[in-house]
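Trainee: Sharing a structure with you now.
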Amino acid sequence: MPEVHYRTPSVHDASAVHQLVAETHMLDDNSWYYYAIFFRDFETTSMVVDVDNELAGFVTGYIRPGAPDTLFLWQTATTLNHGVTNLGLKLLEQLINSVQMTTNLNYVEATIDPENRAIAMQFRLLARSLGVESEQSILFDAADFHQLEHDEKLIRLGPIV
C-alpha cells in the first residue's frame, strides 16, 4: 500500500508542481516563480500530497478578499501514476479540513473548464462528500474576453457546516 502524506507546501515544491502542471494538458501553465510565490504567501490555503515520498499532487487556493468565509481553489492536479484511489478528492477534503481549523469557512469556489469532465466530476463528488449544495454560474463570459474560448464557469459549494 502506498504511503500518502498531505502537507503544507513550501517554495521548494514550486519546480515539481510546475513540472506536474506542464504534464497536465488541461491546466494553464504558470511559471515556477508563480508557484514559489503562491506557496510562500498562501501556504495555509494550499496543499501538496506526497505518495511514497514523491510529489503526487497539489492544490492552490486563497481566502477571497471581501468574502472571508470563502476558499477559492485556483488550481489542482495529481499525477496519473500514484496508485491511490480518489487522491485528488482526498487532497481537496484535506485542504478544506485544514482551512476550517483556522477560519469560518462556509463556501468553496473554483472555476471549471467545461471541457474538463474529470474536474467537474471531482467537484460533484466533493459536494456529495461535504453534504452541501453545488451551484454553477458564469463568472467570465467569453463574449467579454477575446482570450476565452468558452465561458468560465464558477462552481460554488456550501454552506459547509
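Trainee: Tell me, how many Å apart are the Cα centres for the range 110-148 and for the range 43-67?
Mentor: Here the answer is 19 Å between Cα centres.
Trainee: Here's something else I'd like to know. Quick one: M121, M1, fewest Cβ neighbours within 10 Å first, how do they rank?
Mentor: The order, fewest Cβ neighbours first, is M1, M121.
Trainee: Would you work out which of L91, A22, T111 lies farthest towards the positive end of the dipole of the chain, given +1 charges on the beta-carbon of Lys and Arg and -1 on that of Asp and Glu, about the Cα centre?
Mentor: About the Cα centre, the residue reaching furthest to the positive side is L91.
Trainee: Using a/c under 1.5 as the rounded threshold, could you call the range 78-151 rounded, prolate or oblate? The axes a ≥ b ≥ c are square roots of the C-alpha gyration tensor eigenvalues, and prolate needs a/b larger than b/c, oblate otherwise.
Mentor: Because a/c hits 1.5 or more and a/b fails to exceed b/c, the range 78-151 counts as oblate.
Trainee: May I pose another question? Among residues other than L71 whose Cβ falls under 13 Å from its Cβ, what is the net charge (Lys/Arg +1, Asp/Glu -1)?
Mentor: Numbers: positive: R64, R156; negative: D69, E93, E109.
It works out to a net charge of -1.
Trainee: What does the charge dipole of the range 4-158 about its Cα centre add up to, to the nearest 20 debye, if the Cβ of each Lys and Arg holds +1 and the Cβ of each Asp and Glu holds -1? Could the numbers behind the result be given before it?
Mentor: Numbers: 9 positive and 21 negative charges, 104 e Å.
Value, rounded to 20: 500 debye.
Trainee: Then there is this: What shape does the range 1-57 have by the C-alpha gyration tensor, where a ≥ b ≥ c are the square roots of the eigenvalues, rounded means a/c under 1.5, and otherwise prolate means a/b greater than b/c and oblate the rest?
Mentor: It is oblate, given that a/c is not under 1.5 and a/b is not larger than b/c.
Trainee: Sum up the charges of everything whose Cβ sits under 13 Å from the Cβ of N86, counting Lys and Arg as +1 and Asp and Glu as -1, but leave N86 out.
Mentor: So the surrounding residues net to +2.
Read-outs throughout are calculated quantities, based only on the coordinates presented, and are distinct from any laboratory measurement. Please read these numbers as outputs of a predicted model, since none were measured by experiment. Note: ideal-geometry Cβ built from the backbone for every residue, glycine included; neighbour counts use all protein chains shown.
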